[in-house]
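Down below is the structure, laid out as structure tokens.
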Amino acid sequence: MTDNTNAPETPSDPEPDPIKRASFLRGEIRRHNALYFQQDRPEIPDDVYDRLVRELEEIEAAHPELAAGSPTSEVAPPPGGRSLNEVIHDSPMLSLDKALSVQEILDFEDRIKRFLGSSEPLSFYTMPKFDGLAVELSYVDGTLKLASTRGDGRRGEDITPNAKTIDGIPKTLNPGAPKADLFVRGEVYMEKEEFSRLNEEREAAGQSIFANPRNAAAGSLRQLDANVTQKRKLRFFSYGLSEPAASGAATYGGLMKALSKWGFPVESSKASRVNENLAEALAVFRELETDRDSLPFEVDGLVITVEDLSLWSRLGATSRAPRYAVAAKFKPRAARTKVLAIEIQVGRTGALTPVAFMEPVMVSGVRVAQATLHNEDELKRKDVRVGDFVILQRAGDVIPEIVEVDLEKRPTGLLPFEFPKNCPVCGTAAVRKKDEAVSRCPNRSCPAQIEARLIHFAHKNALDIDGLGQKVAALLLANGLVKQPSDLFRLTPDDLAKLPRFGDKSAAKLIEGIDKARTKSLWRFINALSIRHVGERVSQILASRFDSLAALSEATKDQLQALGDIGPEVAKSVLDFFQSPLTHSFLRDLMDESLVRPTKDEPDAGGALSGKRFVLTGTLSTMTRAEAKSRIAAKGGRVLSSVSKDTDYVIAGEAAGSKFANAKSLNIAILDEEAFIKMLD
Ligand code: IVH
């Protein structure tokens, strides 16, 4: 979710308070973990994620007291609400530490030598790092009994029927394989060609396409219906055993040979090999980084592992990753294409955002045709011109970014892009504040802003009106049925019947969506207003303090600033909004009880905490009590003031009082702050 009006939640001062920054990073990392692992829809590229983790690790190294309960010491995120059966891994499926530069690969060897207290030369096995998902296969007496995903490392999901549809996964082992229980680990992945085929098929069928082969593999494997899995050609490479000693081998290379003999596919490109020393492994790393496109599957790095298995047990593992291996990551991949046009888009708060439209190009199997240039300064810094060839990057295959212009290929005579002095839609002179990178159209009546605000009004995080997306918003505005978002509440089926290409079904759905919106919770109405710096979280804080839009509209600066987490800039933006004559008719409608009745802390039916009763005690370090309350309410839970046998959870902060003791005596689940935040996330 990008929310350009949200309060700047990333502290941007050069040396932010480490406690706040660590808390922010923990929240972000958890959120991205959930998006990546549970929902298969990452929002940020891997390297950006890696930098967040790295930053948090650095803060925690300097302030060890902040490290307790941090995601840096967890293998992966808590399991999501899937309905595949849970499988507990007897020995946890760990992650790998990452090396993001050659220096960090060298550091890896130094660490090992220091740990072992020896300077003996070490040999290493190298193998491409596959961009798929880890699974464990359990064999009893040579027959596949259970297949599971890694999940959070301790608990995964039972995917046995799905795994059995994958060609490379042996159902029975070759003669000579151990008869004893065997737990084989490896990666399920999708080849690039199959990934493109699948996406083309999905696109043609109007289905959403997968961002990258990893997501496609995960989505295909974690299916409740194994027939679906079978139709997607998934593959498997084995890379280890839960108990390496079970192979009888003395080296990792030997273990890989054993796996292959028993019937498991093992990767066999020239990058999979034994290296006499780290220098050799580094050469393999460099070569694979250049050649990775020649492999039929995506790789995002090289796994470098100590070859001598007897050292594995001496080196051991942290709670997160073994000390004897490292994932050396490649630089994000790039592609070159030509800029056909640069357009300025106008957002709901008037922000003018330059967007480059390019000759479509494939980057890691995905077609990219446009990329944001963020703002005037970014555009100037990169000096992208229409007609330029640019280097595009889709690091982690999520957001396409223009990294730089290929100046050598710049045709002569290209002129720098003139950032418009006026809004390209309504013509009003753009305004750029001294300390801001963004220039804005100050005209709240600008048609582009009105459309963007209408779309936001109906957005999932605002009034969540089904059936009102970009197309319908444009249609309603173009036909004069809606001039400001509050007009929605006066629409009748007859009005909608007049719209071109708008069927009865769509009309009924829209009317129903609008009716449901009339009584949504107050914070949703606040968020729907498109007040600058007021996103979901700030809206929840405001809703917890003010009983109605009317009360909020009369708030004073002091009242606003007295709320935790609301700074002068946000307060000013709220005041400006309510003082602007332009918002008055809109507000009148929204405060008109016959049209809408925002509910105060009304549990959202269907929220993740729907129907659950909470009691708060003690002080939380990362949020005020008001915020905790509204965040619980936003997810459908209720906060009560005293503990009874009907209480579902007691949230215990610092210096929790008698409620804590009460909860204990009544045997009610008690959550500390970390667990509570996890639950909210
Ligand atoms: S060895 C302790 N080898 O990377 C885990 N892992 O970041 C030892 N991965 O979950 C794993 N390619 O799924 C190993 N050639 C490879 C790999 C590989 C991909 C994945 C693996 C693991 C993740 C860790």
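What are the residues in region 340-370 that are charged (D, E, K, R) and surrounded by fewer than 20 Cβ atoms within 10 Å (Cβ to Cβ), if any?
Selection gives GLU343, GLU359, ARG367.
Yes/no matrix, rows are residues, columns are (1) modelled with pLDDT of 95 or more; (2) among the acidic types (Asp, Glu); (3) part of a helix (DSSP H, G or I); (4) within 32 Å of the chain's Cα centre (by Cα):
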residue: LYS270; (1), (2), (3), (4): yes, no, no, no
residue: LEU302; (1), (2), (3), (4): yes, no, no, yes
residue: ALA328; (1), (2), (3), (4): yes, no, no, yes
residue: ALA335; (1), (2), (3), (4): no, no, no, yes
residue: GLU343; (1), (2), (3), (4): yes, yes, no, yes
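Being assigned to a helix (DSSP H, G or I) and either in contact (Cβ under 8 Å) with a residue 24 or more places away in the chain or under 35 Å from the mean Cα position of the chain (by Cα) (or both) is the filter here; which residues of region 479-505 pass it?
Passing the criteria: PRO485, SER486, ASP487, LEU488, PHE489, ARG490, LYS505.
For GLY168, only one of the following conditions fails: (1) crowded, with 22+ Cβ neighbours inside 10 Å; (2) assigned to a loop (DSSP other than H, G, I, E, B); (3) touching a strand residue (DSSP E or B) at 6+ places or on another chain (Cβ under 8 Å); (4) of a type outside the set (D, E, K, R). What is its number?
Against the list (1) crowded, with 22+ Cβ neighbours inside 10 Å; (2) assigned to a loop (DSSP other than H, G, I, E, B); (3) touching a strand residue (DSSP E or B) at 6+ places or on another chain (Cβ under 8 Å); (4) of a type outside the set (D, E, K, R), GLY168 comes up short only on (1).
Can you say whether LEU616 is at pLDDT 85 or above and touching an Asp or Glu at 6+ places or on another chain (Cβ under 7 Å), as far as the supplied structure shows?
no
Within region 113-127, track down each residue that is in contact with a Lys or Arg (Cβ under 8 Å, 6 or more places away or on another chain) and within 15 Å of the ligand (Cβ to nearest atom).
TYR125, THR126
Could you list, in sequence order, the residues of region 172-197 that are open to solvent by 30 Å² or more (accessible area, probe 1.4 Å), within 24 Å of the chain's Cα centre (by Cα) and closer than 30 Å to SER247 by Cα?
GLU191
Give me a count of the residues in region 54-70 that are in contact (Cβ under 8 Å) with a residue 40 or more places away in the chain and either of a type in the set (Ser, Thr, Tyr) or part of a helix (DSSP H, G or I) (or both).
Of the residues in region 54-70, 5 are in contact (Cβ under 8 Å) with a residue 40 or more places away in the chain and either of a type in the set (Ser, Thr, Tyr) or part of a helix (DSSP H, G or I) (or both).
Please verify whether ALA99 is under 35 Å from the mean Cα position of the chain (by Cα), within 16 Å of TYR239 (Cβ to Cβ), of a type in the set (Gly, Ala, Ser) and crowded, with 20+ Cβ neighbours inside 10 Å, treating the condition exactly as stated.
No, not satisfied.
I need the full set of residues from region 513-551 which are surrounded by fewer than 23 Cβ atoms within 10 Å (Cβ to Cβ), in a helix (DSSP H, G or I) and not acidic (Asp, Glu), in order please.
GLY513, ILE514, LYS516, ARG537, ARG545, LEU549, ALA550, ALA551
For region 235-268, give me each residue that is modelled with pLDDT of 95 or more, charged (D, E, K, R) and either within 14 Å of the ligand (Cβ to nearest atom) or open to solvent by less than 30 Å² (accessible area, probe 1.4 Å) (or both).
Hits for region 235-268 are ARG235, GLU267.
When region 71-90 is examined, which residues are found to be surrounded by fewer than 15 Cβ atoms within 10 Å (Cβ to Cβ) and either in a helix (DSSP H, G or I) or modelled with pLDDT of 75 or more (or both)?
Within region 71-90, SER73, ASN85, GLU86, ILE88, ASP90 meet the criteria.
Condition (residue is within 16 Å of the ligand (Cβ to nearest atom) and open to solvent by 20 Å² or more (accessible area, probe 1.4 Å)) applied to region 274-284: is it met by at least one residue?
Within region 274-284, one or more residues are within 16 Å of the ligand (Cβ to nearest atom) and open to solvent by 20 Å² or more (accessible area, probe 1.4 Å).
What are the residues in region 198-257 that are more than 26 Å from the chain's Cα centre (by Cα) and among the β-branched types (Val, Ile, Thr), if any?
Across region 198-257, the qualifying residue is only THR251.
Filter region 460-471 down to the residues that are out of contact with any Gly (no Cβ under 9 Å at 6 or more places or on another chain) and closer than 19 Å to ARG524 by Cβ, then identify the one that is least open to solvent (accessible area, probe 1.4 Å).
By that ranking, first place goes to ALA462.
If you check LYS179 against the conditions, is it touching a strand residue (DSSP E or B) at 6+ places or on another chain (Cβ under 6 Å), free of Cβ contacts under 8 Å to residues at least 40 places away in the same chain and either part of a loop (DSSP other than H, G, I, E, B) or more than 16 Å from the ligand (Cβ to nearest atom) (or both)?
no
With the structure loaded, tell me whether ASN227 is of a type in the set (S, T, N, Q), part of a helix (DSSP H, G or I) and surrounded by fewer than 18 Cβ atoms within 10 Å (Cβ to Cβ) or whether it fails that test.
Here the answer is yes, as ASN227 does meet what is asked.
Look at LEU288 and say whether it is more than 12 Å from the ligand (Cβ to nearest atom), closer than 23 Å to PRO121 by Cβ and open to solvent by less than 60 Å² (accessible area, probe 1.4 Å).
Taking the combined requirement at face value, the residue does not satisfy it.
Does LEU94 satisfy the condition of being within 16 Å of the ligand (Cβ to nearest atom), closer than 30 Å to LYS331 by Cβ and surrounded by 18 or more Cβ atoms within 10 Å (Cβ to Cβ)?
Yes; evaluated as a whole, the condition is true for this residue.
Suppose the filter is modelled with pLDDT of 90 or more, under 25 Å from the mean Cα position of the chain (by Cα) and more than 16 Å from the ligand (Cβ to nearest atom); does ILE402 pass it?
So ILE402 passes the test.
Give region 571-595 a look and list any residue that's of a type in the set (S, T, N, Q) and either touching a Gly at 6+ places or on another chain (Cβ under 9 Å) or in a helix (DSSP H, G or I) (or both), or say none.
Correct list: SER573, GLN579, THR583, SER585.
Any idea which of (1) in contact (Cβ under 8 Å) with a residue 24 or more places away in the chain; (2) among the hydroxyl-bearing types (Ser, Thr, Tyr); (3) more than 30 Å from SER573 (Cβ to Cβ) is the one THR349 doesn't satisfy?
Going through (1) in contact (Cβ under 8 Å) with a residue 24 or more places away in the chain; (2) among the hydroxyl-bearing types (Ser, Thr, Tyr); (3) more than 30 Å from SER573 (Cβ to Cβ) one by one, THR349 breaks only (3).
Scanning region 102-112 for residues that are acidic (Asp, Glu) and open to solvent by 40 Å² or more (accessible area, probe 1.4 Å), which turns out nearest to the ligand (Cβ to nearest atom)?
Going through the qualifying residues, I end up with GLU104.
Give region 371-384 a look and list any residue that's in contact (Cβ under 8 Å) with a residue 40 or more places away in the chain and surrounded by 19 or more Cβ atoms within 10 Å (Cβ to Cβ), or say none.
ASN375, GLU376, LEU379, VAL384
Exactly one condition in (1) surrounded by 22 or more Cβ atoms within 10 Å (Cβ to Cβ); (2) of a type in the set (Val, Ile, Thr); (3) within 16 Å of the ligand (Cβ to nearest atom) is false for THR318; which is it?
Among (1) surrounded by 22 or more Cβ atoms within 10 Å (Cβ to Cβ); (2) of a type in the set (Val, Ile, Thr); (3) within 16 Å of the ligand (Cβ to nearest atom), the lone unmet condition for THR318 is (1).
Does ASP515 fit the bill of being at negative phi and either of a type in the set (D, E, K, R) or under 27 Å from the mean Cα position of the chain (by Cα) (or both)?
yes
The values are calculated or read from the model by the stated rules, or taken from the named source; none is laboratory data. Only a predicted model underlies this, so the values are computations on that prediction, with no experimental measurement involved. Because the Cβ atoms are built from the backbone with ideal geometry, glycine has one as well, and the counts that use them run over all protein chains shown. The accessibility values were calculated without ligands, DNA or RNA, using every heavy atom of the protein model including side chains. Shrake-Rupley method; radii C 1.70, N 1.55, O 1.52, S 1.80 Å.
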